[in-house]
Amino acid sequence: MILKFTFEYQSTSLVLENILLRELKSTTLTGKLEKYGDFVSLYVKGGEEELQDFADNLSINVPYSLFLKDTKVEAVDKMPDKDYILPNYPKRELPFCPKCEKKAFEDYDPFVKCVACGYSFKSSTLKYKNFAKIITNDNEGIFKNFAKVLKNGAVAKIKTFNGYKSISLMNQKNFEKIKGDFDLLCADLESVDKICSIGKSEMLALGSFEKPILELFVNHNFLNIFPFIKNLSKVRVRLSNDLILDIICKEVKALGPCYIILSDCDEQKQYNIEIDFDSKISKNKSLEAIVLDDGQSVITKGDLGLVPKVNDGFKDISLKAFSNNFVAINDNEKIITYKKSKELPPILDTFTLGEGDLSYEAAHGAFYTVLSEHSLLDKTMAGVYFSKINNDRIMINSPKFGLVDYIIFDFNFPKTLSKLLKIMKNENETSSRLVENFMTKFPDFYKDELKFSKMGNIYKLWGVAAIMLGMQNDGDVKKGALKLIKYAASFKGKKGPRIDYKLKKDKNKPKLDNLKAIKTAMSFKLAGIDFPTLSFGVMESFAEFASNILDDISRDYEMDGVCFNGSLFESANLINKFYTITKKNYKVYLHKEFTLDDMNLGYGIINAACKK
Ligand SMILES: [Zn+2]
């Protein structure tokens, strides 16, 4: 009998393939691997009972992955002729698989090496500092004592495989010490379920191999367990993504509930309690994800070994491409993108454009990356890119006419608050009355002159709106935008007020009437709408507006689908709303492996250029 196990798997990391081969090797069964596009199939030959055992083992040892879209098992007549040989990629630094975890727990050794999942750190000696006492060469003792010390309320420093972290158990004293953002590290999904509203898809995502951070609404139980936390509606939740944290969680849980405050910390700062080790770590950022309304997950941020990096090594460079902050190179085998930094490899020590090098806009790079990942370069596609850092654009790419910017959101506001108010007042009588009424009702809002930081995209438009609405009381547009997004995220309702986003013609090109959006928001504030509802309306209406633009495009062009990305979509409200509306009318494509606004800016353009 031959069973064919098929996995739809949108990752190039080879983790799934390696785990399947490892599982096959651990038996006496024969089998072959096959790969077509995103489909990986393992054919296994054997008796019925042996195959049942094998299937059971797979279900334990193949971890759920954010990249795993579907699985299927079927009986087939014959094996494929050829065996798929895995490409010889350098291993990426990824979290651990179930087998690694088992081994680490048995030996209290976080330095496990795994040929399958890629988890691999140079064996090293753990050093534990507890005030004057230093302990080494006793991992079990170290972890057990460390858990006790945490339980007693200590704030400690630990070296994880993703950088140094400050770690402490969630209690009032420790919570009050937190400055800035923190993650709530939980021992397991059960602990998360106790304190957060979490659905099945979010459970799957949180516990997946990639171990992303999810922002979840807290429930009543949370407020009972942590009564000292006020005004917090959502919390960044995660499970361990390396084995040091994993062993710590296991030991803390053995002593009672395990809710840990984890935040970045200064490597140089001395703590009374520390766990350290010598071997070098790469300081990758943990992944962050959003689960969409239909259960699909999108990886929004982080760089946990998802795409090839410069230090993976490369051969002769055949093509180079530059955008605002990224360089992409092709060495005839693979495409590597990386950020501008001081630590460039010597061969790339210059960011000057040479002969034959490509230069491109960030939005175009991002659009072409989704097109490349899904092989859509020969289709007529709309591309939507909304970013916190770059200009926003809606674009069209077609094999007939190439790449066209349909609309660029790049506008200028007056440099000061008084100038902005003057323009608004002079627009027409309604605007003038709105501003007068607003200033009478909220006399404190506009009493100081404010200077706005430089303008450009929708993110900054929201920042100005936040300032005008009184959410942000200085001229910091970025901070204002972040506040508006946070308010929107705390909104638990379904519908916000309708904010007017309208296009006006400017030199025959469509342009967003940016003041109109702000003015409608101001009139809702006058009507007494609270900040969370109003902020949600600002985002929801923008998603609807952008989707209307797509409808305009589709009247003129036969569109095969819509791609979208950019860091503005890191907001769960915006991405969910836009995704849900767009999906009703078009085929929607998101990145397979890239995050929303990072290495994706480099990959696509060079990939498209290589294919020409
Ligand atoms: Zn492993």
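The values are calculated or read from the model by the stated rules, or taken from the named source; none is laboratory data. Computed from a predicted structure; not experimentally measured. Reconstructed Cβ throughout: ideal geometry from the backbone, glycine too, with neighbour counts over all protein chains shown.
Taking the criterion of being buried (at least 21 other Cβ atoms within 10 Å of the Cβ) and either at positive phi or not basic (Lys, Arg) (or both), the residues of segment 523-546 that qualify are Leu534, Ser535, Phe536, Gly537, Val538, Met539, Glu540, Phe542, Ala543, Ala546.
For segment 419-460: of the residues being among the hydroxyl-bearing types (Ser, Thr, Tyr) and more than 38 Å from the chain's Cα centre (by Cα), which is nearest to Ala543 (Cα to Cα)? So the residue we want is Ser431. Restricting Ser120, Ser124 to those that are within 12 Å of the ligand (Cβ to nearest atom) and either more than 31 Å from the chain's Cα centre (by Cα) or of a type in the set (S, T, N, Q) (or both) reduces the list to Ser120. Among the residues of segment 361-412, those that are touching a helix residue (DSSP H, G or I) at 6+ places or on another chain (Cβ under 6 Å) and outside any strand (DSSP E or B) comprise Ala362, Gly365, Ala366, Tyr368, Thr369, Ser372, Leu377, Phe386, Ser387, Lys388, Asn390, Phe411. Per the listing Val149, Val155, Val115, the residue uniquely within 16 Å of the ligand (Cβ to nearest atom), at negative phi, of a type in the set (A, V, I, L, M) and touching a residue at least 24 places away in the same chain (Cβ under 8 Å) is Val115.
Here Leu66, Leu86 are screened, and the one residue that is of a type in the set (A, V, I, L, M, F, W, C), exposed (fewer than 13 other Cβ atoms within 10 Å of the Cβ), under 28 Å from Pro212 (Cα atoms) and in contact with an Asp or Glu (Cβ under 6 Å, 6 or more places away or on another chain) is Leu86.
If you go through segment 1-51 and pick out every residue that is part of a loop (DSSP other than H, G, I, E, B) and more than 27 Å from Pro95 (Cβ to Cβ), you end up with 5.
Sub-6 Å Cβ pairs linking a first residue in segment 86-99 that is hydroxyl-bearing (Ser, Thr, Tyr) to a second residue that is within 13 Å of the ligand (Cβ to nearest atom) and part of a loop (DSSP other than H, G, I, E, B), at least 6 apart or interchain, number zero. In this structure, does Ile178 turn out to be touching a Phe, Trp or Tyr at 6+ places or on another chain (Cβ under 6 Å) and either assigned by TED's automatic domain parsing to the domain that holds Leu214 or within 16 Å of the ligand (Cβ to nearest atom) (or both)? When the stated conditions are applied, Ile178 does not pass them. Is it the case that Ile581 is under 17 Å from Val538 (Cα atoms) and without any contact (Cβ under 8 Å) to a residue 60 or more places away in the chain? Yes; evaluated as a whole, the condition is true for this residue.
Screening the candidates Pro87, Pro80 for the property of being part of a loop (DSSP other than H, G, I, E, B), at pLDDT 95 or above and either more than 13 Å from the ligand (Cβ to nearest atom) or in contact with a Lys or Arg (Cβ under 8 Å, 6 or more places away or on another chain) (or both) yields one hit, Pro80.
The residue of segment 90-108 that is farthest from Met1 (Cα to Cα), among those that are touching a helix residue (DSSP H, G or I) at 6+ places or on another chain (Cβ under 6 Å) and more than 9 Å from the ligand (Cβ to nearest atom), is Tyr108. Taking each residue of segment 15-31 that is among the polar types (S, T, N, Q) and looking for partners that are within 12 Å of the ligand (Cβ to nearest atom) with beta-carbon atoms closer than 8 Å, six or more apart or interchain, yields Asn18/Val115; Asn18/Ala116; Asn18/Cys117; Asn18/Gly118. Counting only residues that are under 12 Å from Phe54 (Cα atoms) and among the aliphatic types (A, V, I, L, M), segment 22-41 holds 2 of them. Where helices (runs of 4 or more DSSP H) fall wholly inside segment 491-608, the ranges with 3 or more residues that are hydrophobic (A, V, I, L, M, F, W, C) and more than 23 Å from Phe367 (Cβ to Cβ) are 514-526, 531-556.
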